[in-house]
Amino acid sequence: MKDLFDLAGADGVDRERIAGGAVLLRGKALAGEAGILAALDRVVAQAPFRHMTTPGGYVMSIAMTSCGEAGWVTDRSGYRYDRRDPGSGQPWPPLPSAFRALAADAAREAGYPDFAPDSCLINRYLPGARLSLHQDKDERDFSQPIVSVSLGLPVVFQFGGARRSDPVRRYPLRHGDVVVWGGESRLFHHGVLTVKEGAHPVLGRQRINLTFRAAL
Ligand code: MD3
Ligand code: FE
């Protein structure tokens, strides 16, 4: 159901409340796309994508890297945020100003004016990659939202509830879409279906997802 909130934000981007505390901003990243992609290239040159291993011993189909004061990592010993890239032993690249500006702008439009991310996890999906239903609960402060930015190939996003067994709804996420997840939906289960074969005009045969977090 549409309500007054669903009209438009300051920049005219459509706002759709998809759950309590969760707001979908279709195409929100398009205006600053060039700056975001240039910054992404610089981060990935310094901290390359890698396939990490889950505590259970599976190699993830998604390749990941991070920027900010901490990055999300997984290995046989567990999931955590680490101030250093385990690949290089060096601190992660800083959060680019274009990343920080987009995350803050989206969070404010969704009703979270004080969002202060210290980490951005960058997921790369090639066709065939997927992310099974999970919760994001390795962050310290669940009162802060997570902001996600979708780039490249489209995917079907699955959004459930507080319990793993809760029914899921499906939303297509396309290049430029931004979603802010806070409030009651902050700990809801979510995942993405297998990315289909294809080629995006700008990013080619991949989907990239940025998630901004207040982790530390
Ligand atoms: C709902 N990433 O990195 S973004 C993740 O498309 C992750 O790469 C997916 O789930 C991706 O953890 C989905 C959408 C998303 C991110 C975090 C959430 C939805 C969320 C946290 C709470 C609720
Ligand atoms: Fe997640």
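Where a number appears in this text, it was derived from the coordinates with a stated rule and is not lab data. Keep in mind the model is a prediction, meaning the values are calculated, not measured. Methodologically, a virtual Cβ is constructed for each residue, glycine included, from the backbone with ideal geometry; neighbour enumeration extends over all protein chains shown.
Residues that are among the hydrophobic types (A, V, I, L, M, F, W, C) and in a loop (DSSP other than H, G, I, E, B) within the stretch 120-158 comprise Leu126, Ala129, Phe142, Leu153, listed in sequence order. From the list Gly57, Gly35, the one residue that fits, being assigned to a helix (DSSP H, G or I) and more than 16 Å from the chain's Cα centre (by Cα), is Gly35. Restricting attention to the stretch 139-172, the residues being among the acidic types (Asp, Glu) and under 22 Å from Ala31 (Cβ atoms) number 0. Within the bounds of the stretch 194-213, is there any residue that is in a strand (DSSP E or B), more than 10 Å from ligand 1 (Cβ to nearest atom) and either more than 21 Å from Gly35 (Cα to Cα) or more than 14 Å from the chain's Cα centre (by Cα) (or both)? There is at least one residue in the stretch 194-213 that is in a strand (DSSP E or B), more than 10 Å from ligand 1 (Cβ to nearest atom) and either more than 21 Å from Gly35 (Cα to Cα) or more than 14 Å from the chain's Cα centre (by Cα) (or both). Only residues that are closer than 22 Å to Ile36 by Cβ, in a strand (DSSP E or B) and of a type in the set (D, E, K, R) were counted across the stretch 62-119, and they come to 0. Leu102 meets all of the listed conditions (1) without any contact (Cβ under 8 Å) to a residue 24 or more places away in the chain; (2) of a type outside the set (Asp, Glu); (3) crowded, with 16+ Cβ neighbours inside 10 Å but one, namely (1). Any idea which residue in the stretch 129-139 is nearest to ligand 2 (Cβ to nearest atom), counting only those that are farther than 18 Å from Gly21 by Cβ and charged (D, E, K, R)? Taking the candidates together, the pick is Asp138. Just checking, does the stretch 30-52 include any residue being of a type in the set (Lys, Arg) and surrounded by fewer than 17 Cβ atoms within 10 Å (Cβ to Cβ)? Among the residues of the stretch 30-52, at least one is of a type in the set (Lys, Arg) and surrounded by fewer than 17 Cβ atoms within 10 Å (Cβ to Cβ), which makes the answer yes. Residues in the stretch 12-32 that are touching a residue at least 60 places away in the same chain (Cβ under 8 Å), under 25 Å from Leu203 (Cβ atoms) and not in a strand (DSSP E or B): 7 in all.
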